[in-house]
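Below you'll find the structure, written out as structure tokens, and then a few comments.
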Amino acid sequence: MFLEKLILENIGKKLRGNFLIQNISIGVKDGEIKVILGASGSGKTTILNIIAGLIQPDTGRVVIDGKDMTQVRIEDRNLGFVFQDLGLFYSMSVAENIAYGLRLRKMKIEEINEKVLEIANRLSISNQLKKYPSNLSGGEKQLVALARTLVTEPAVILMDEPLSSLDTYLRNNMRWYLRSIRDQFNATIVYVTHDMEDAAILGDSIAILDSGRIIQDGSKNEIFSRPRNETAAKILGYNIFSRGGKKYAIHPERIVSGGKVKFRVIYAQTGIGYNYLVDTEFGKLYVRTSQPIDGEGGLSLDYATELEQGDQ
């Protein structure tokens, strides 16, 4: 068994002479959820389209299960794709939607029906098979899209921000459901998003993408506990400050009371916890705490991490 199910080697793609993405090299282990985190326009969807074979790269290779698939047709790559808009066929029933990929493979109708019912039972949507997508809730549509992908037993599942249209409650539930899908089916997933909570809950590893380049790639714990440079830290929502000629980053939730750094509260807002903008000798810092603070004590920046010089 290959340690890495998917490898991108030095992938680059140009549009009108300018690179959309450049020097993209990442690996995705078998059974891993790899999150590619970046802002809109950073190149996330371009990477997915190149993996899928919808776009040919100008440089580099796409390797799946140890085989170079760069020039292989999309239908021969054995990949699943869950789109942002889910891509369900509204003129087809749920059963017909799930069966679509199997029909393209010209499987026998008996085998198709058996597989559709099996996956529907595993995802607890067997009672929805005769319905049409227009009669489903947002969460049910997500499950149908997942079933349509999983039923073909793809080597890798590509997900292009599929939860972005859901409300907060459904989105929270579906994040944990996707984690369970990975465990239940031993699925290998590449998930692209701009949402920090998606990355924090779903990712086993995270690659941070900025302006078409991977600026940091590693385990989730490594990425969130030690951003490498200022750009990565800002994408992750860290405060940036300078001390002794060096730059540091600290997450708002890791600034704690009881330190030596004097501060003045500029703004305070309560909601889920306490949120502050404070002024210090190191500049303005955003602080998020579970207990209220005031200007009489001090703050500790002991959990700050030193940043590398330069962003690449």
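The values are calculated or read from the model by the stated rules, or taken from the named source; none is laboratory data. Predicted, not measured: the structure shown is a model, and the values here were computed from it. Methodologically, a virtual Cβ is constructed for each residue, glycine included, from the backbone with ideal geometry; neighbour enumeration extends over all protein chains shown.
Being in a helix (DSSP H, G or I), over 14 Å from the mean Cα position of the chain (by Cα) and within 27 Å of residue 45 (Cβ to Cβ), is that true of even one residue in the stretch 185-207?
Scanning the stretch 185-207 turns up at least one residue that is in a helix (DSSP H, G or I), over 14 Å from the mean Cα position of the chain (by Cα) and within 27 Å of residue 45 (Cβ to Cβ).
The residues on offer are 234, 220, and the sole one that is in contact with a strand residue (DSSP E or B) (Cβ under 8 Å, 6 or more places away or on another chain), closer than 18 Å to residue 26 by Cα and charged (D, E, K, R) is 220.
Could you say whether any residue in the stretch 240-248 is more than 26 Å from residue 175 (Cα to Cα), among the hydrophobic types (A, V, I, L, M, F, W, C) and either in a loop (DSSP other than H, G, I, E, B) or free of Cβ contacts under 8 Å to residues at least 24 places away in the same chain (or both)?
Of the stretch 240-248, the ones more than 26 Å from residue 175 (Cα to Cα) are 240-248.
Subsequent filtering for residues that are among the hydrophobic types (A, V, I, L, M, F, W, C) retains 240-241.
Subsequent filtering for residues that are either in a loop (DSSP other than H, G, I, E, B) or free of Cβ contacts under 8 Å to residues at least 24 places away in the same chain (or both) retains none.
Within the stretch 240-248, none of the residues are more than 26 Å from residue 175 (Cα to Cα), among the hydrophobic types (A, V, I, L, M, F, W, C) and either in a loop (DSSP other than H, G, I, E, B) or free of Cβ contacts under 8 Å to residues at least 24 places away in the same chain (or both).
Restricting to the stretch 185-209, what's the tally of residues that are β-branched (Val, Ile, Thr) and either over 15 Å from residue 157 (Cα atoms) or surrounded by fewer than 17 Cβ atoms within 10 Å (Cβ to Cβ) (or both)?
3
Restricting attention to the stretch 152-184 and to residues that are out of contact with any helix residue (DSSP H, G or I) (no Cβ under 6 Å at 6 or more places or on another chain) and assigned to a loop (DSSP other than H, G, I, E, B), the residue that is surrounded by the most Cβ atoms within 10 Å (Cβ to Cβ) turns out to be 162.
A single entry from 140, 111 fulfils the requirement of being at pLDDT below 90 and in a helix (DSSP H, G or I): 140. So residue 39 fits all but one of (1) within 13 Å of the chain's Cα centre (by Cα); (2) assigned to a helix (DSSP H, G or I); what number is the exception? Answer for residue 39: the failing condition is (2). Just so you know, in the stretch 249-272 the residues that are outside any helix (DSSP H, G or I) and within 26 Å of the chain's Cα centre (by Cα) include one that is farthest from residue 304 (Cα to Cα), and it is 272. Scan the stretch 265-289 for residues that are in contact with an Asp or Glu (Cβ under 9 Å, 6 or more places away or on another chain) and either exposed (fewer than 13 other Cβ atoms within 10 Å of the Cβ) or free of Cβ contacts under 8 Å to residues at least 40 places away in the same chain (or both) and the total you get is 6.
Is it the case that the stretch 86-103 has a residue that's out of contact with any strand residue (DSSP E or B) (no Cβ under 9 Å at 6 or more places or on another chain) and over 21 Å from residue 129 (Cα atoms)? No: zero hits.
Considering the stretch 81-98, and only residues there that are hydrophobic (A, V, I, L, M, F, W, C), assigned to a loop (DSSP other than H, G, I, E, B) and within 19 Å of the chain's Cα centre (by Cα), the residue that is farthest from residue 127 (Cα to Cα) turns out to be 83.
For the stretch 27-40, check the following and say yes or no: at least one residue is in contact with a Gly (Cβ under 8 Å, 6 or more places away or on another chain), free of Cβ contacts under 8 Å to residues at least 24 places away in the same chain and of a type outside the set (Asp, Glu). No - not one qualifying residue is present in the stretch 27-40.
If you scan the stretch 211-249, which residues turn out to be of a type in the set (Asp, Glu) and out of contact with any Asp or Glu (no Cβ under 8 Å at 6 or more places or on another chain)? Spell out how you get there, then give the answer.
Step one: of the stretch 211-249, the residues of a type in the set (Asp, Glu) are 217, 222, 230.
Matches in the stretch 211-249: 217, 222.
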